[in-house]
Each structure stands twice: as C-alpha cells, then as structure tokens.
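Below is one structure; the comments refer to it alone.
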Amino acid sequence: MTGERNKSLGQYGEGLAARRLVEAGMTVIDRNWRCDAGELDLVLRDGDVLVFCEVKTRRSAAYGHPLEAVDAVKAQRLRRLAARWLEAHDVRPVGVRIDVVGVLMRDRGVADVEHVRGIG
C-alpha cells in the first residue's frame, strides 16, 4: 500500500511540476522516459535548450527538503540518462540543462514548488 501511495504522490508531483514549467514558458517533450539505466521524469524545451528535469515530491520535510534528494551522484546519473535520451532520439540541441523541481506538500493539498535550473 505504501508503494502505491508513494507512486501516486510522485505522479501528482510530476504533473504539478510539468504544469508550472509549462506556465513558465517551457514545452514538455517527453515524460517518464525509461531505459535500462533508469528514468527521466520530464524532458522539456526551454527556447533552444533541452531540459532534463528530475522531480522530487515529499509529504513533509521530516527527512529533508525534496531538493536535497538530488546529490552529486544522482546529478551524474541524470547526465548519463540525458545522454542516452539524446542518443535514442537522435537529437542535437543547441544547449542541454539538468533541472530539479522539489514539490513539498503542505496541509490541505497545498504544495510548495521550487525549481532549480542547471544543477550541473
């Protein structure tokens, strides 16, 4: 049951993040792309730049802010996944960026959404 609740929370957070990024002028290109090395939550276009975005959603900050979940090891993994996505789709964008969106749920379904551009 907990696994399903976490999956549902993650999907909600990804949907919220996608809407916020689209409102900020980005275009969603791909969602939940998977390969044998892992998964990319969101792939977006921001002008000439292709953005690979990791979304972390938490119910509380008891175990740290969601953004803290993306450390140097996770950032390196995201770079490898981005390279795999580019290869799989035969795309050569002008620029590439790795972003993170942290979604922290508050009482009554209100969420704090924080977008960090260019983590590495």
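For the stretch 1-81, the solvent-accessible area of protein heavy atoms averages 58 Å² per residue (probe radius 1.4 Å; ligands and nucleic acids excluded). Heavy-atom accessible area for ARG79, with the other protein chains in place and a 1.4 Å probe, reaches approximately 90 Å². Per-residue 3J(HN,Hα) values for the stretch 110-119, derived from phi via the Karplus relation 6.51 cos²θ - 1.76 cosθ + 1.60 with θ = phi - 60°, read 7, 10, 8, 10, 10, 10, 10, 8, x, 7 Hz in sequence order (x marks Gly and Pro).
Tally the DSSP beta bridges in the chain and give the antiparallel ones as a percent, rounded to 5. In the chain, DSSP labels about 65 percent of beta bridges as antiparallel. Label separation (VAL49 vs ARG106): 2.7 nm, computed from points 7 Å beyond Cα along the C-beta direction. Rolling a 1.4 Å probe across all protein chains gives SER8 an accessible area of roughly 70 Å².
The listed residues ARG34, ARG19, ARG77 rank as ARG34, ARG19, ARG77 when sorted by accessible area, largest first, using a 1.4 Å probe. Here the 3J(HN,Hα) profile of the stretch 47-56, calculated from phi with Karplus coefficients 6.51, -1.76 and 1.60 at θ = phi - 60°, is x, 8, 9, 8, 10, 9, 10, 9, 10, 10 Hz, Gly and Pro shown as x. Element breakdown for the chain at a 1.4 angstrom probe: carbon and sulfur atoms account for 48% of the accessible area.
On a 0 to 90 degree scale, rounded to 10, what angle separates helix 72-89 from the longest Cα axis of the chain? Here the helix axis deviates by roughly 50 degrees.
Proximity of backbone amide H atoms, modeled 1.01 Å from N, is registered between VAL70 and no other residue at under 5 Å, excluding neighbours fewer than 5 places apart on the same chain.
The values are calculated or read from the model by the stated rules, or taken from the named source; none is laboratory data. Bear in mind that the values here come from a model prediction, so they are computed numbers and not experimental data. Quick reminder, even Gly has a Cβ in these numbers, built from the backbone with ideal geometry, and neighbours come from all protein chains shown. Only protein heavy atoms, including side chains, enter the accessible area calculation; ligands, DNA and RNA are left aside. Shrake-Rupley method; radii C 1.70, N 1.55, O 1.52, S 1.80 Å.
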